[in-house]
Every structure is written in structure tokens, then in C-alpha cells.
Amino acid sequence: MSDPRPAILIPGKMNQRVLDRLGDRFEILRLDGADPALVTPEIATRTRAIATFNKVSSGLMDAVDHLEIVANFGVGYDGVDAAHAATKGIVVTNTPNVLDDEVADTTIGLLLNTLRRFPAAEAYLRAGKWASDGPFPLSPLTLRGRTVGLYGLGRIGLAIARRLEAFGVTLAYYTRNPRPDVPYRHYPTLKGLAEAVDTLIVIVPGTDSTRHTVNAEIFSALGEKGVVISIGRGITVDERALIEALQAGTIAAAGLDVFENEPHVPQALIDLPTVALLPHVGSASVATRDAMSDLVADNLIAWFEKGEAVTPVSETPFTRRGR
Ligand code: NAP
Ligand code: 8YV
């Protein structure tokens, strides 16, 4: 390392394993949050890197004088201003691949919970109602005979699709660019996909181009047997329109792991019996979070020791040697 102990700024919380991996090679600087106003002159001068849970604004980048790298904990980096980083030659890294299987497993669980109402069935048993009231009511919905559309067929979308093949459902997808390596039918528009399927799994990043694209028009296209599973980012689904569609019976059910204003979930969603809810736990096992922690640390170590990051995002394909 040219700089013996470069300083890494952690604005807010960070997984302990990241801190354990970095502690002996780097100086760790802490801030209570990701607010640029909290940056002291000393932190501004010393910081070379930021490790973050998906929250670094252009203002925070600008508040630090010699920032080289922002290492994000998570594959989605919608909370890091990567476009601004690109203009300043700052590399942004994320944690792709190591969480694909975990998030795909979670998606299948959420899909089955939504269709078969397993959380409500367990609550029924725990409340003693099986013995007092008899069998839990039959689920109106089933995965049998469904046609599933994937909105997004990247790393995680493909892992979901591979699992769904084993369930014997028909698969189709919408992305901007068709994949040459899959047997599923590609639709060139989201509306076209929604008209062709009865189950829509949303696994695209949260960007300006996906914001509120799953909206009233898409719910109407899915129809009254329609089911929406949202596991990418909350802003992709128009939550208000989703609540209206569920209340009106425009679609039958929804399963949500991500929300527009986390950790706040609208009471109207909580009140709907046709909704299965999870608190953004797609990747949330100890093993997978450990793998993500290691990739955050590996990116920072590789940047300062070898001159290039392991998994830079596409907007910032920089090397340290090129600085
Ligand atoms: P990825 O490999 O980059 O795949 C993204 C997919 O979305 C691609 O198929 C891409 O295809 C498509 N896409 C992007 N923008 C689009 C648009 N405007 N219209 C249509 N399709 C679009 O990403 P990934 O690793 O699968 O992760 C996907 C997202 O999942 C992450 O960004 C993150 O937000 C979310 N996530 C959530 C959890 C959780 O805990 N719930 C965990 C991990 C990740 P084209 O580029 O061809 O359009
Ligand atoms: C995050 C996620 O890591 O990777 C992503 O994009 O959404 C999750 O796996 C999680 O939100 C970290 O807090």
C-alpha cells in the first residue's frame, strides 16, 4: 500500500464483519449518519474511502477532499450517487453474485406465502384455532397452472427463473435487452408481459427508468387473478396504486419484501389479507450477509493493495493506477 493505513469513513452502521476485516489494515473513522454536515475538517482531509449501507449523496462525496472509493454493502446501489462519483473519478463498488441464491430462495418463499397464505395458516395454528374452529380455510390461489413473468432477468432474476422451472410453471420476461441464453419468451414491453402472464415478479434495480413502472395500467393488464411479487426496490411499484388495485380486486394478491419508504409500511397494506409482507430480508441470512461483508472488504483491500476493485459498478470502471 502506498498509504500505510488509509482512512475509511463509515457513515452510520456497518456489519461487524466488515469492520473486523478492515480494522488491522485501515484507520476507521465513524460518523453518526450520512449527513455531509457531520464531516469535520479532519475527516474531510483524511478519508480515502467510504463503506456504506447504500447511502452516499453527492454532498457527502463533495465534503471529503481525497475520496477514491465508495464500497456499498448490497448489490443495489440506488442510494449511492454513482453518476456523481463517475464525474469525480471515484469508483463505486457493490456486492453482486454472492447473494443471488439467497434472494431467489426468499422470492420463492414469498411467492408461496402469497398464494397459499402459509403465514396466516401458521398464525391460525398458534392461536389454537385448528383445534377450536377446524381446518384452516382452503387457499383461493395456487401456483398450479400459473404463468409467471419476470420483470428483470439479471443475476437474481435468472436464479429465480431456474428455481421456478422446477415448479412446472410457464415463464416469460421483460427486460430492455433480450437474453440470448434463455428459453423463456421475451416481451418488448412491461405491459405486453403483464397481459400475457398472471404472476409478475419484480426484480429490477430502483432507478429513474423503473420508478413507478408497476402501476395501475400494469395491474389492469394482469387482471383479477393477478399476483405481484416485489423483491427488487420499493420505488419500482406505485404503492398507492397497488393498494387501490388490491382493495378493488383489480388483482388478487401481492407479496412484498421492499417498500417505497422503508421501514415504514402503509397501514392499508398491513390491513389487507391478500398481501404477504417481509421486512426487506431477501439476503438476510448470516451466511449471505457474511459473504456480502467479505466482498465489501475485498473491494477496499484490492483497491488499495492491487490498484483495482473486485466489483466496480458499470458507471465507474476506474482503476487506482489510472488516477
Ligand atoms: P442485475 O443483474 O443488474 O439485473 C438487473 C435486471 O433488470 C436486468 O435483467 C436488466 O435488464 C433489468 N432492467 C434494469 N433496468 C430495466 C428497465 N428500465 N426496464 C427493464 N428491465 C430493466 O441485478 P441483480 O443482481 O439481479 O439485482 C437486481 C436488484 O435486486 C438490485 O438492483 C437490488 O435493487 C434488488 N435486490 C433486492 C434484494 C432484497 O433483499 N430484496 C436483495 C438483492 C438485490 P436490461 O438492462 O436488459 O433492461
Ligand atoms: C441489502 C439489498 O444488502 O443487495 C441489495 O441490494 O437490497 C440487500 O441485500 C440490504 O438491504 C442491506 O441492508
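The values are calculated or read from the model by the stated rules, or taken from the named source; none is laboratory data. Predicted model only: the values in this text are computed from it and were never measured. For neighbour counting, all protein chains shown are included, and Cβ atoms are generated from backbone atoms with ideal geometry for every residue, glycine included.
Considering only residues that are over 18 Å from Ala276 (Cβ atoms) and of a type in the set (A, V, I, L, M, F, W, C), look in segment 128-147 and name the one that is surrounded by the most Cβ atoms within 10 Å (Cβ to Cβ). This residue is Trp130.
The helices (runs of 4 or more DSSP H) found wholly in segment 88-188 and carrying at least 2 residues that are under 24 Å from the mean Cα position of the chain (by Cα) and within 16 Å of ligand 2 (Cβ to nearest atom) occupy 100-116, 155-165.
Residues are listed down the side, and each one gets a yes or a no for (1) among the hydrophobic types (A, V, I, L, M, F, W, C); (2) on the phi > 0 side of the Ramachandran plot:
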{"site": "Tyr187", "(1), (2)": "no, no"}
{"site": "Gly234", "(1), (2)": "no, no"}
{"site": "Leu246", "(1), (2)": "yes, no"}
{"site": "Gly249", "(1), (2)": "no, yes"}
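In segment 100-122, the residues that are more than 18 Å from Gly168 (Cβ to Cβ) and among the polar types (S, T, N, Q) reach residues that are at pLDDT 95 or above and part of a helix (DSSP H, G or I) with C-beta atoms within less than 7 angstrom, at least six apart or across chains, in these pairs: Asn113/Pro119.
Yes or no: segment 214-233 includes at least one residue that is free of Cβ contacts under 8 Å to residues at least 24 places away in the same chain, more than 15 Å from ligand 2 (Cβ to nearest atom) and over 20 Å from Thr107 (Cβ atoms). Within segment 214-233 (the criterion being free of Cβ contacts under 8 Å to residues at least 24 places away in the same chain, more than 15 Å from ligand 2 (Cβ to nearest atom) and over 20 Å from Thr107 (Cβ atoms)), the answer is no, since none of the residues qualifies.
Residues that are crowded, with 20+ Cβ neighbours inside 10 Å, within 20 Å of the chain's Cα centre (by Cα) and either modelled with pLDDT under 95 or not in a helix (DSSP H, G or I) (or both) do not occur anywhere in segment 288-311.
Could you tell me whether segment 78-86 includes any residue that is touching a residue at least 40 places away in the same chain (Cβ under 8 Å) and closer than 14 Å to Gly232 by Cα? Within segment 78-86 (the criterion being touching a residue at least 40 places away in the same chain (Cβ under 8 Å) and closer than 14 Å to Gly232 by Cα), the answer is yes, since at least one residue qualifies.
Somewhere in segment 224-237, is a residue away from ligand 1 (no atom under 16 Å from the Cβ), surrounded by fewer than 18 Cβ atoms within 10 Å (Cβ to Cβ) and under 17 Å from Thr199 (Cα atoms)? Quick ask: steps written out before the conclusion?
Within segment 224-237, the first condition is being away from ligand 1 (no atom under 16 Å from the Cβ), and the residues that meet it are 224-227.
Imposing the further condition that a residue be surrounded by fewer than 18 Cβ atoms within 10 Å (Cβ to Cβ) reduces the set to 224-225.
Now restrict to residues that are under 17 Å from Thr199 (Cα atoms): 224-225.
The answer is yes, given that some residue of segment 224-237 is away from ligand 1 (no atom under 16 Å from the Cβ), surrounded by fewer than 18 Cβ atoms within 10 Å (Cβ to Cβ) and under 17 Å from Thr199 (Cα atoms).
Inspection of segment 63-71 identifies no residue that is in contact with a helix residue (DSSP H, G or I) (Cβ under 9 Å, 6 or more places away or on another chain), within 18 Å of Ile160 (Cα to Cα) and within 13 Å of ligand 2 (Cβ to nearest atom).
The single condition among (1) within 16 Å of ligand 1 (Cβ to nearest atom); (2) surrounded by fewer than 19 Cβ atoms within 10 Å (Cβ to Cβ); (3) not β-branched (Val, Ile, Thr) that Ala216 does not satisfy is (1). With respect to the conditions (1) within 16 Å of ligand 1 (Cβ to nearest atom); (2) touching a strand residue (DSSP E or B) at 6+ places or on another chain (Cβ under 7 Å), Arg46 lacks only one, and its number is (1).
When the test is whether a residue is modelled with pLDDT of 95 or more, closer than 30 Å to Leu138 by Cα and of a type in the set (Phe, Trp, Tyr), Phe318 does not pass it.
Residue pairs whose Cβ atoms lie under 6 Å apart, sitting 6 or more positions apart in sequence or on different chains, and linking a residue in segment 284-299 that is within 24 Å of Thr316 (Cβ to Cβ) to a partner that is of a type in the set (Lys, Arg) and in a helix (DSSP H, G or I), are Ser293/Arg17; Ala297/Arg21.
Quick one: is Ala221 closer than 19 Å to Arg211 by Cβ, in a helix (DSSP H, G or I) and more than 23 Å from the chain's Cα centre (by Cα)? So Ala221 fits the description; yes. Condition first: of a type in the set (Gly, Ala, Ser), within 22 Å of Leu222 (Cα to Cα) and within 16 Å of ligand 2 (Cβ to nearest atom). Now tell me which residues in segment 256-294 satisfy that. Once the filter is applied, which keeps residues that are of a type in the set (Gly, Ala, Ser), within 22 Å of Leu222 (Cα to Cα) and within 16 Å of ligand 2 (Cβ to nearest atom), segment 256-294 yields nothing. Just one of the listed residues (Arg30, Arg5) is over 19 Å from Asp290 (Cβ atoms), at pLDDT below 95 and of a type outside the set (S, T, N, Q), and it is Arg5. Where helices (runs of 4 or more DSSP H) fall entirely within segment 3-86, those with at least 3 residues that are crowded, with 19+ Cβ neighbours inside 10 Å are at 58-63.
In the set (1) out of contact with any strand residue (DSSP E or B) (no Cβ under 8 Å at 6 or more places or on another chain); (2) more than 22 Å from Gly89 (Cβ to Cβ); (3) away from ligand 1 (no atom under 16 Å from the Cβ), the condition left unmet by Ser58 is number (2).
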